[in-house]
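Colleague: One structure follows; several queries about it will come next.
Every read-out reported here was derived from the displayed coordinates using simple, explicitly stated rules and does not represent laboratory data. Note that the structure is predicted; figures quoted are calculated from it, not measured. Counting neighbours? That spans all protein chains shown, and the Cβs are built from the backbone with ideal geometry, glycine included.
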């Protein structure tokens, strides 16, 4: 065998060995990444997290199970038993989408849902802290809360006496960590959406996570916690 043929074979062999070693190293790292992702997916599933929304634009893109629900009222219509809302002042619904009329329709037949809408007490001692966090003057924040309460009360007045029993308006004094919408609390079809408001960021960029499953860890933690907050709140109408 000539020297050049031997050299060529050695070069090719070296390249092949290097490729195999690289493949083994990269392949090992690839498998570690895939295993990590699998474990993460398992943890997310176990916690009950079913969706995440980076901003409110994502609602129209990704809030689509079991059917498309781009707007807040569309989401509320997914409920079959009850709706619990604990919000700052239901700003997106009452100011932007005008959902108060739609909520009333959900209380009436054929839906006949039990609904509790809970907002911050406009006289609460935490108003100052919330206004600082949201970057909204206290006076303006109070006016928005009072406007939401007024709209909710006005719509409730349209209900029959029996229907009014299924729609409760409450106020709370505790400092909120997020706004929550719970659909079908206590039932197999339960689901909830948590919306977080970063410091001094336009509310359009609030981010949310959605959870479900009565026996799933994170869902159970948040649903029980927010239900207690709503239960402790004061009924005003």
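Colleague: Going by how many other Cβ atoms sit within 10 Å of their own, how do 40, 218 line up, fewest first?
Modeller: Ordered from fewest to most neighbouring Cβ atoms within 10 Å, 40, 218 come out as 40, 218.
Colleague: Also, quick follow-up: Label point 7 Å out from residue 177 along Cα-to-Cβ: which residues of the stretch 187-206 have amide N under 20 Å?
Modeller: 191-201, 206
Colleague: Under a plain spin-label model, where a point goes 7 Å from the Cα along Cα-to-Cβ, how far apart in nm are residue 158 and residue 204?
Modeller: Result: 2.9 nm between the two label points.
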